[in-house]
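Here's the structure, in structure tokens; my notes come after.
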Amino acid sequence: MGGARPLGTSSIFFSENKESSTSLSEDNEKRPEENEANAEVNNDGQKNTKINEGNNISNAMLTSQLETEPVVKLEDSKKFDKTKTGKESLLELLGAMKVEVTTIRKIRPPKFPRVSERPDPKPMESVQSMFQHATAEVSQQHETLIPTLVAAASAAASTLPNRRQAESELLQQLRKHEAIPDTQRRADGQNIGDIISDMKVGKKQNGRSNARPSSQIRFDEDGQGYTQDRGITGELDAVRTRKSPFTSKRLNIFNAGAEQDSLSDLGPTLWDIDLANQIVQATNQTPRNGFEEMIQWTKEGKLWQYPINNEAGLEDEASVPFHEHVFLEKHLDESFPRQGPVRHFMELVITGLAKNHHLTVQQKQEHIAWFRDYFQQKDNVLKEAEA
Amino acid sequence: MAAAWKLLGTGMGFLQSSLPAYRSSLGVVEQVRSYYVDWRMVRDVKRRQMAFEYADTRLRINAIRKNTILPKELQEIADKEIAALPRDSCPVRIRNRCVMTSRPRGVKRRWRLSRIVFRHLADHNQMSGIQRSMW
């Protein structure tokens with residue numbers, strides 16, 4: 001199918017050197033390379049990876065498995081919960097195939113399987129070793145496979161050139177896939193997710209292609225100049241393409257429910273006040289005419305409320321009955337002497353307070369309380385004066 | 001975040017937007033006055049605030065001082081007490097200055113403006129109901 005290239009080593013190198021994130025995002029670019037790589041491998045009959053009608057993602061998975069990048073396992077684990085057709089499940093199984101370099105049989109695949117290591121100089125041998133593994137494991141596994149999957153495997157294998165070999169290999173992988181318990185599979189997915197979240201995102205270097213001084217005049221068709229609107233859209237683009245903290249994987253460092261208790265207890269924090277101010281300023285608050293200006297001043301308290309109410313701040317006092325204003329002798333009975341100049345003085349004070357229309361009951365009681373304290377402090381002076 | 005919305009509901013959000021930095025609808029840019037005119041005005045403001053604080057106390061002590069019923073020893077003690085209060089707490093030290101220019105003299109009480117500012121605003125039709133008089 002493909003050209004007579006040496007085994008697609010170069011293409012594998014090339015795709016390995018790429019950033020891991022771009023392998024996911026630029027699937028379309030990768031596809032011809034993948035097909036090439038698939039074709040090369042296919043020619044050697046090592047492994048059937050060329051599936052034309054498969055998903056892009058599964059292709060990426062395959063090549064990534066060849067390169068041992070665990071990038072797309074995340075996708076695999078995401079799709080796991082959907083109901084699958086036989087073909088999709090088969091494709092996922094192919095994606096789940098792991099290439100193990102070492103002959104040591106590990107229960108779990110290694111966490112960082114060759115992201116940091118040098119790319120394999122001889123991928124052919126690694127594939128071969130995997131094949132040997134597969135053949136070795138066949139004898140050890142005797143689980144019954146789901147017949148639909150088996151049928152799907154044979155159907156897929158029929159589309160590939162090496163029918164028998166493909167079918168046997170797929171069935172081996174099926175068995176191996178079934179052997180791994182579900183929890184481990186999910187754990188693999190989570191490990192992969194952790195790995196991916198740790199990996200860096202490569203930025204697309206635009207070089208800010210439209211970087212011109214913002215005040216520079218550009219010319220229309222008719223030759224009349226115009227200055228572009230000074231926006232910061234160029235810079236904003238760079239900001240927008242970064243991943244927001246909400247799209248990447250949750251790290252589970254903090255407990256979710258612990259924050260809410262403290263928030264409800266305190267009053268409005270300074271940040272809340274600042275946010276409220278910003279919201280108020282963001283909405284169009286400037287008054288359009290004099291009426292709105294006066295409304296704004298009234299809200300602020302700069303302008304009195306019309307029609308003028310003499311008791312503007314004293315709405316609560318309306319509910320206080322009159323006898324609490326007028327009959328204040330009951331406050332006099334405790335801790336004031338019954339006879340003497342002090343009593344005389346305090347009765348005058350009470351009369352004056354009763355006739356005062358402008359004080360609240362609270363203020364009157366405060367006056368009387370102050371006098372009580374004062375005369376209790378000056379008790380000795382009073383007794384000396386009497387004597 | 002919820003508290004911020006509550007704040008807006010109670011109308012506290014106008015805290016910082018009260019500065020008249022906007023253009024009024026008539027097209028006239030108002031002066032943005034965020035400082036007092038001079039230090040004398042600042043001191044006058046401080047005296048007014050302090051007089052407001054101590055107003056009740058001074059009233060009560062003066063009530064003891066200025067009557068004939070209580071013994072004189074008590075009144076002498078009250079004299080000393082009121083003298084011990086801070087000097088800026090007495091309302092006598094307040095001077096009704098012009099609000100715009102802080103001029104201490106020639107201030108009309110109703111408008112709180114000095115005569116010069118009053119004349120300036122009235123001539124430019126900024127004082128409601130004020131007209132040049134002739135008879």
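The values are calculated or read from the model by the stated rules, or taken from the named source; none is laboratory data. Quick caveat, the model's predicted, so the values are computed rather than measured. Counting neighbours? That spans all protein chains shown, and the Cβs are built from the backbone with ideal geometry, glycine included.
Observations, loosely collected:
A quick yes/no check of all residues on (1) surrounded by 12 or more Cβ atoms within 10 Å (Cβ to Cβ); (2) more than 30 Å from A:LYS378 (Cβ to Cβ):
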residue: B:THR68; (1), (2): no, no
residue: B:ARG97; (1), (2): yes, yes
residue: B:SER128; (1), (2): no, yes
residue: B:MET134; (1), (2): no, yes
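- A:LEU382 being touching a residue at least 40 places away in the same chain (Cβ under 8 Å) and more than 20 Å from B:LYS66 (Cβ to Cβ): no
- Some residue of the range A:285-305 being under 30 Å from A:VAL381 (Cβ atoms), away from chain B (no Cβ under 14 Å) and either charged (D, E, K, R) or surrounded by 11 or more Cβ atoms within 10 Å (Cβ to Cβ) (or both): no
- Boolean, B:ILE130 is more than 30 Å from B:ASN62 (Cβ to Cβ) and out of contact with any Asp or Glu (no Cβ under 6 Å at 6 or more places or on another chain): yes
- Output for the range A:252-269, where each listed residue is surrounded by 10 or more Cβ atoms within 10 Å (Cβ to Cβ) and either modelled with pLDDT of 70 or more or away from chain B (no Cβ under 14 Å) (or both): A:PRO268, A:THR269
- Residue in the range B:113-125 that is of a type in the set (Ser, Thr, Tyr) and over 15 Å from B:ARG47 (Cα atoms) present: yes
- Some residue of the range A:317-325 being surrounded by 10 or more Cβ atoms within 10 Å (Cβ to Cβ) and among the hydroxyl-bearing types (Ser, Thr, Tyr): no
- Residue pairs meeting the criteria (Cβ under 7 Å; at least 6 apart or on separate chains; first more than 8 Å from chain A (Cβ to nearest Cβ), in the range B:46-74; second part of a helix (DSSP H, G or I) and among the acidic types (Asp, Glu)): B:LYS46/B:ASP88; B:ARG47/B:ASP88; B:MET50/B:ASP88; B:ILE61/B:GLU81; B:ARG65/B:ASP79
- Boolean, B:ILE116 is away from chain A (no Cβ under 13 Å) and either surrounded by 13 or more Cβ atoms within 10 Å (Cβ to Cβ) or not in a strand (DSSP E or B) (or both): yes
- Extreme residue, nearest to A:GLN376 (Cα to Cα), among residues of the range A:325-345 that are more than 14 Å from chain B (Cβ to nearest Cβ) and in a loop (DSSP other than H, G, I, E, B): A:SER335
- Qualifying helices (runs of 4 or more DSSP H) (wholly inside the range B:1-98; at least 3 residues being at pLDDT 95 or above and not aromatic (Phe, Trp, Tyr)): B:39-65, B:72-84
- The set of residues in the range A:360-387 being hydrophobic (A, V, I, L, M, F, W, C) and either assigned to a loop (DSSP other than H, G, I, E, B) or more than 18 Å from B:GLU73 (Cα to Cα) (or both) consists of A:VAL361, A:ILE368, A:ALA369, A:TRP370, A:ALA387.
- Qualifying position, being loosely packed, with under 15 Cβ neighbours inside 10 Å and either facing another protein chain (nearest Cβ under 10 Å) or farther than 24 Å from A:VAL326 by Cβ (or both), among A:LEU382, A:LEU348: A:LEU348
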